[in-house]
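Just below is one structure, and these are the notes that go with it.
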Amino acid sequence: MPVVSVFRNNCRSSRSMSLHNTIRNTIVPVHKEGYPFVLGFFVVSLVLGWLFKPLFWIGLILTLWCAYFFRDPERMTPQDDDLVISPADGKVSGVQMATPPAELNLGYEPMLRISIFMNVFDCHVNRSPMRGRIESIAYREGSFLNADLDKASEQNERNGLVIETRHGQVGVVQIAGFVARRILCFVHPSEPIDAGERIGLIRFGSRVDVFLPAGAVARVSLGQKAVAGETVLAEFGSTKGPIVSRRS
C-alpha cells in the first residue's frame with residue numbers, strides 16, 4: 001500500500017476517534033433511575049404539542065433538563081485511604097462539629113460534619129467518600145424543609161449509612177430537600193465499598209452530610225464547589241492545620 005494511502009487512512013482513523021471521544025465526553029449518560037422521568041416528560045411534551053404546538057418546545061426543553069438532572073458522569077477518584085472524597089456535587093454549606101443522628105449509633109460526641117448542598121442543576125448521584133465496608137443503613141421519615149438549613153439535618157427525611165474504614169466509622173447521610181421526595185440507596189449492609197463508588201441518588205434538590213471521626217482535618221471551605229468522587233473534603237494523618245481560603 002502506498003505511503004500516502006496509509007497516511008490518509010491514519011488521518012481518517014484519528015479524526016474518527018477524536019469525534020467519537022468528543023461525543024462521548026459531551027453526551028453524559030443518564031442514570032437508569034431517570035429513564036421513566038425523561039420518558040414521561042417527553043410523552044407529556046407530545047400531548048401538549050398536539051394541543052398547542054409551541055407547548056411542545058417548552059416540554060422538550062423540560063425533557064432535556066430532566067435528562068441533564070439525572071446525568072451520571074464518570075469521575076476520577078483518588079485512591080488514598082487517608083483522603084475523604086466528596087459524596088455529592090454541590091456547594092459546601094457547612095464545616096463544623098456536630099452530633100451525628102441517633103440512628104447512626106455513632107455516639108453523642110460531636111464529630112466533624114461537612115455538608116454538601118445540591119441544587120436542581122447539580123448531579124444528584126451520590127458516591128462513597130472512603131473505602132471500607134457498609135456497616136449499617138438507617139432510614140428515617142421526616143419533613144421536607146429547605147436542605148440548606150442547618151435544622152434540615154435533624155428534621156428532614158433522611159437515609160444514613162455507616163462505613164467502617166481504616167480510620168474508624170464514617171457516617172454519610174442523604175437528606176431530602178424542599179423539592180426532593182425520594183431517596184434511593186444502591187448499597188446494602190456488609191458490602192465492601194470503594195471510594196467514589198455510587199451509593200445512591202436523591203431526586204430534585206437535597207443535601208449530603210459526612211460525619212468524620214477524630215483525626216480528620218477539613219480541606220474545603222464554606223461556599224466552595226465540590227465534585228462528587230473527585231473533590232477532597234478532608235484528610236487523615238496530616239500534620240497541616242485546617243485550610244485557609246481567600247475569596248477573590
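The values are calculated or read from the model by the stated rules, or taken from the named source; none is laboratory data. For clarity, every value in this text was computed on a predicted model and none was experimentally measured. Neighbour counts are summed over all protein chains in view; Cβ atoms, including those assigned to glycine, are modelled from backbone coordinates with ideal geometry. For accessibility, only protein heavy atoms count, side chains too; no ligands or nucleic acids. Shrake-Rupley method; radii C 1.70, N 1.55, O 1.52, S 1.80 Å.
Things to note:
- Solvent-accessible area of Tyr139 with every protein chain in place, 1.4 Å probe, in Å² to the nearest 10: 120 Å²
- Placing Arg131, Arg140 in order of accessible area, with the largest value first and a 1.4 Å probe, yields Arg131, Arg140.
- Glu74 versus His188: modelled label distance in nm, points set 7 Å from Cα along the beta carbon direction: 2.8 nm
- Each label point was placed 7 Å from the Cα along the Cα-to-Cβ direction; for Glu197 and Ala214 their separation is 2.9 nm.
- Using R0 = 45 Å, the C-beta based FRET efficiency linking Arg166 and Leu55 works out to 0.20.
- Heavy atoms of the protein chains alone define the surface here; on that basis the range 59-149 has 46 Å² accessible area per residue at 1.4 Å probe size.
- Split the accessible area of the range 182-242 by element, probe 1.4 Å, and carbon with sulfur accounts for 54%.
- In Å, descending, principal axis extents of the Cα set of the range 46-132: 60, 29, 20
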